[in-house]
1. Hey, does the range B:128-146 have a residue that's of a type in the set (Ser, Thr, Tyr) and either over 16 Å from the mean Cα position of the chain (by Cα) or part of a helix (DSSP H, G or I) (or both)?
2. Go through the range A:360-391 residue by residue and tally those that are part of a helix (DSSP H, G or I) and within 19 Å of A:LEU127 (Cα to Cα).
3. Sort out for me the strands (runs of 3 or more DSSP E) sitting completely within the range A:558-641 that have 2 or more residues that are modelled with pLDDT of 80 or more and facing chain B (nearest Cβ under 9 Å).
4. Taking the residues in the range B:86-105 that are in a strand (DSSP E or B) and at the interface with chain A (Cβ under 9 Å from one of its Cβ atoms) as candidates, determine which candidate is farthest from the chain's Cα centre (by Cα).
5. Determine, yes or no, whether A:THR317 is surrounded by fewer than 20 Cβ atoms within 10 Å (Cβ to Cβ) and either touching a residue at least 40 places away in the same chain (Cβ under 8 Å) or over 30 Å from A:ASN466 (Cα atoms) (or both).
6. With the checklist (1) at pLDDT 85 or above; (2) more than 25 Å from A:HIS343 (Cα to Cα); (3) of a type in the set (Val, Ile, Thr); (4) out of contact with any Ser or Thr (no Cβ under 8 Å at 6 or more places or on another chain) in hand, flag the one item A:VAL541 doesn't pass.
7. Does at least one position in the range A:460-481 carry a residue that is out of contact with any strand residue (DSSP E or B) (no Cβ under 6 Å at 6 or more places or on another chain), at pLDDT 85 or above, surrounded by 14 or more Cβ atoms within 10 Å (Cβ to Cβ) and over 30 Å from A:GLY566 (Cβ atoms)?
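The values are calculated or read from the model by the stated rules, or taken from the named source; none is laboratory data. Small disclaimer: the values here were computed from a predicted structure and weren't measured. Glycine also receives a Cβ, built like all others from the backbone with ideal geometry; neighbour counts cover every protein chain displayed.
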Amino acid sequence: MLSFISFGRAAAIVLCDMASTAWYIGGIVETAIGPAAPWFILGVLFCAAPVLMLYIEGSAMFVRGGVYKVVRESMGGSLAKVSVSALMFDYVLTGAISAVSAGQYLAGLANSALPRLHIHWTVNPKLFAVVFALCVVAYFWRQNIRGIEESSDKAIKIMSLVGVMAAVTFTWAAYTIYVRGFNWPALRLDFTHESLGWLKGSEHSLGKLGLLVAFGHAFLGMSGLETLAQVYREMEAPKLKNLKRAAAVIFTFALFLTGTISFLAVGLIPDDVRRTYADNLLSGLAMSMAGPHWAQLLLQAFVVLVGVLILSGAVNTSIMGSNGVLNRLAEDRIMPDSLRHLHPRFGTTHRMINLVVLMQAITIILCRGDVYLLGEAYAFGVIWSFVFNAGAVLVLRFKDRSKREWKVPFNLIVARHELPLGLAALFLLLLSVGLVNLMTKTIATVSGVAFTAFFFALFLISERLNKRERQHGEHREKFNLRSAGDLAIVREEIEKPNRVLVAVRDPGNLYHLNKTLESHDSETTDLVVFTSRIRKGLGLVDETISMDNDEERLFTKVIESAEKHGKTVTPMLVVSNDPFYAITQAAQAVGATEVVFGVSAKLSTDAQLERLAMTWGSLQTDKKAVRFRILGPGVEHAVDL
Amino acid sequence: MSWFQKKTPEPASESPKTTPPARVGKGLKVSSILTEDTILFPAEGHDKAAVLQSLAAAVCGKAGIADWAAFLAKVQEREQGISTTLDTGLSLPHARMDGIATILAGMAILKKPIPDPKQTDLAIRVMFLFFSPNKQDAFPLHLQLLRGVSSLLQPALIDQLTAASSPTAALELVKKLEA
């Protein structure tokens, strides 16, 4: 069954990554640019609004979107491969930095709490962080192998807990401000040699470029946003409306949480104390609240608990996001086809998940628990995938003038030509940040370029090998066929009060399916999309249970239609010696109250209905009414029997 | 994935299935459109075409239609299309005709099954012929009758019909099952 998720679940998945940066961004950015860090973090979070708009426009154009698809359509395959290679770098780093940061928080809590319990042990934060990070990655590896539905459940729970934590912390912080006052972060930039990278020595001549340098260091606040394009495919109908809702939730939550926490950390934690909490800033915030020590410790424990959960959730999101990206590549034969192999039980692309998780584990071991090192390497892929995406969507505005479902605003019409000023401004801003980051974030540049080059080469080689192997360029979905001898398994999944069966045969004639999907309500109705393989005589007995090329092509189109509409469908393939018997038996077995057909090129609609009515009657064992519908362009027949 | 095949005709059984058949249309019963005059027991040796011809003549004769050949031609034309014979042993030829206001129907019961020329693996044991008005608003009733007759004439009833001694007995069997 192909199922879809609500905008709330989609937002929770994205936020598990994007909002988790609140736990480490403050420390990293302040180390890099000085006390003005919260202002730049806030600026980056406001900048997320136009970037989210960019993703809405791109995703509305391509359901299976994301940077790869958009850039490929606009600028060609090579640049698309570069952009997605850079993005993969960040997905790997997201998992690593989140898991390691979670470990640092736990180690910090242990080191705060153990003396209170008269246990005089000290936990080595970096070693503990590495071990814990590997455990987290292993846990979410297993979860992702089991499938997205379970993972999005956890994301919702984690984000709810984050909401509670934010309410408690902000209320307590308000009381602390009332008691002690608040030190607004100074608007002063203190770059280190490390944070200026190859611009080292030019501190005093940077001028306004310094603002861009600082902005670039804070850019990791937007990490995880690309996942929105990956989960769009899974989003339920109405897709665009839900995408906008998810974007609004993501923007508001991230701005409120990460922005406020960054300001509170600098405003409430004394400067000298804050340095000791660079790797676990929220713990420092908890321990700086007004109140007794035991209460501070309790808040720290709560903050750490929630932090561990959301940072672990970010690991999950990074695995899901990178799996989605690799799937898009595999569909285009840019990854070896063997990587798309579906898990026999859970139907997930387990080999891709294994690949991503392996790279994350290696990164965790190599970083040796140093969050700042990971932070310095971070955001290379984020910024460049945004640059490529913005450039691609901008180019598409001129290249493809078809009507858009939604556009980034600020478009000026001059002499009937639309000038996308908003989009162009966003592209220029992102490009500037990207170029400045290339010079200043040297670790990110060196490691990012190396990683990107490696992935680009891998994609290029895979693509060429796949081209040799296959002549046909059309994408085919992978399907898990459950070869049970009866409909018991399908019936278990069919539980809604209404059931509709749509019979399909020709991938070029799915008008009736699309029409049905338009008005279909996944909440109340199960939609079974059915096709039959007709075999006669002994051929039927010897039939192997696997899809042939035509069936794969047909169901690929079915899945694409379902994704486009965001409606849940249950594909079903039946081997039979008579199509009408097959349809009737399947429809009666699932308890369909409506059976929908397309217009046949061979049979008149009357003949189709007549034959179906006869077959239905001969097989019917109850008195249940059924509606037959035949839908085609300009054709709509409905008969109640 | 499931494996479905046309079901094979069930062997004759002593106790017929008692599942009530679906009613045809809004209260229309199959027995109400049949009379003793339109239930035939063709002699052995007739093929499908001959049985169809006899049945068309009887149905049209009962309705007072002189040009029964036109009705036969129409149903023969329909028979060239998708099969109207079911695995149950029921053949269900039908046609939508201009100039009639109600459904005209007849049934031929074959003591010895005859093969369907289009599907030689299927044996015809009962042929149910009907004509319905060629009007758009009558098409649902046409389809309901197709479903109702095929639902009613299951192997168990067909077994009983082929064992019946007369049209009256056959009609009683249909009425009894529909009651």
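1. no
2. Summing the residues that are part of a helix (DSSP H, G or I) and within 19 Å of A:LEU127 (Cα to Cα) in the range A:360-391 gives 13.
3. Once the strands (runs of 3 or more DSSP E) in the range A:558-641 are filtered for at least 2 residues that are modelled with pLDDT of 80 or more and facing chain B (nearest Cβ under 9 Å), what remains is A:570-576, A:635-640.
4. Among those that are in a strand (DSSP E or B) and at the interface with chain A (Cβ under 9 Å from one of its Cβ atoms), it is B:ARG96.
5. no
6. That leaves (1) as the condition not met.
7. Within the range A:460-481 (the criterion being out of contact with any strand residue (DSSP E or B) (no Cβ under 6 Å at 6 or more places or on another chain), at pLDDT 85 or above, surrounded by 14 or more Cβ atoms within 10 Å (Cβ to Cβ) and over 30 Å from A:GLY566 (Cβ atoms)), the answer is yes, since at least one residue qualifies.
So that you can scan it fast, the table gives a plain yes or no per residue for (1) over 27 Å from A:GLY197 (Cα atoms); (2) assigned to a helix (DSSP H, G or I); (3) modelled with pLDDT under 95:
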| position | (1), (2), (3) |
| --- | --- |
| A:LYS403 | yes, no, yes |
| A:LYS407 | yes, no, yes |
| A:ILE413 | yes, no, yes |
| A:LEU419 | yes, no, yes |
| A:LEU426 | no, yes, no |
| A:LEU431 | no, yes, no |
| A:ASN437 | no, yes, yes |
| A:ILE443 | no, yes, yes |
| A:SER447 | no, yes, yes |
